[in-house]
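Right, one structure below, let's go through it.
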Amino acid sequence: MTAQVVRPVAICVFRHEGKILVARGHDPHRNGAYLRPLGGGIEFGESGAQTLARELKEELGAEIAEVRLIGTLENRFKIGNEPRHEIVLVFDARFEDPSFYTREVIRGKESDGTDFSAIWHRPEETRADCPLYPEGLKELLASIPAPAVMKAPAKPARRKKSLVDLLHAHRADIEQIIVQFEEAMPPAPKRR
C-alpha cells in the first residue's frame, strides 16, 4: 500500500477553437481508457506554473506562455484498491510554437521514457466509456469564458528606416570603408 498523502498536481488545458489538449490514458484496473490534460506533480518549492513549464519542456520540448490559473479541483479516486487524493491546479496557457495548434496528434515522452499521444478534444463530446479526468473539469471549463483566440504573439511592427537613418546608423562603418578604399587606391597623379 502506498503512503496516504495528498498530491499537488498542475494541469494545463491549452484551450483552442472549443477544444482542449488531452492525453489518452489506460486504467488497467478498470480496463478502460480516459482523457486527462497534460501536466504533472508539483515538486517542493515549485509553483504550479513552473511545474507546467518544466513538464511541457520535458515531455514535448515545448515552451509555453501566458500561463494563468483558471481553477482548482479536488480529485479523489482509486487505482485498483488503493485510494488516491490530488489537489489539482488547473491552468490555461499558450504554446510559443503555433504549430502545436495545427497538429492532430502531438507525440510526447513521459519522464519514465513511456511514449504518449495528445489530441485536441471537445469536452462536451466526452463519452462515458472514456471519461475526462479529473472529475469536475468539464464543468469548470463550461463556467469560464474561453479566450478569444490563442495565438502566437504578433511580432512588433518595424518602422521603415529612411536612407538618412541608415547612414547615421552605419556612419562609423561607412567612414571605415572610405578610409580603406582611399588607402588601397594609388596616389593620384600630380597636376602640372
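In the list Gly80, Gly61, which residue meets the criterion of being free of Cβ contacts under 8 Å to residues at least 24 places away in the same chain, surrounded by fewer than 19 Cβ atoms within 10 Å (Cβ to Cβ) and over 21 Å from Gly18 (Cα atoms)?
Only one candidate passes the filter, namely Gly61.
Results for (1) at pLDDT 95 or above; (2) part of a strand (DSSP E or B); (3) of a type in the set (Phe, Trp, Tyr); (4) exposed (fewer than 14 other Cβ atoms within 10 Å of the Cβ), shown as yes or no for each residue.
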| residue | (1), (2), (3), (4) |
| --- | --- |
| Gln4 | no, no, no, yes |
| Ala10 | yes, yes, no, no |
| Leu21 | yes, yes, no, no |
| Gly25 | no, yes, no, yes |
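Output the residues belonging to region 14-53 that are of a type in the set (Phe, Trp, Tyr), more than 22 Å from Glu96 (Cα to Cα) and in contact with a strand residue (DSSP E or B) (Cβ under 6 Å, 6 or more places away or on another chain).
Within region 14-53, Tyr34 is the sole residue that qualifies.
Go through region 66-77 and give me each residue that's loosely packed, with under 12 Cβ neighbours inside 10 Å and either among the small types (Gly, Ala, Ser) or touching a residue at least 24 places away in the same chain (Cβ under 8 Å) (or both).
Across region 66-77, the qualifying residue is only Arg68.
Within region 95-133, can you find the residues that are part of a loop (DSSP other than H, G, I, E, B) and either touching a helix residue (DSSP H, G or I) at 6+ places or on another chain (Cβ under 9 Å) or not acidic (Asp, Glu) (or both)?
Scanning region 95-133 gives Thr102, Arg103, Glu110, Ser111, Gly113, Thr114, Arg122, Thr126, Ala128, Pro131, Tyr133.
The values are calculated or read from the model by the stated rules, or taken from the named source; none is laboratory data. Predicted model only: the values in this text are computed from it and were never measured. Backbone-built Cβ (ideal geometry, glycine too); neighbour counts: all protein chains shown.
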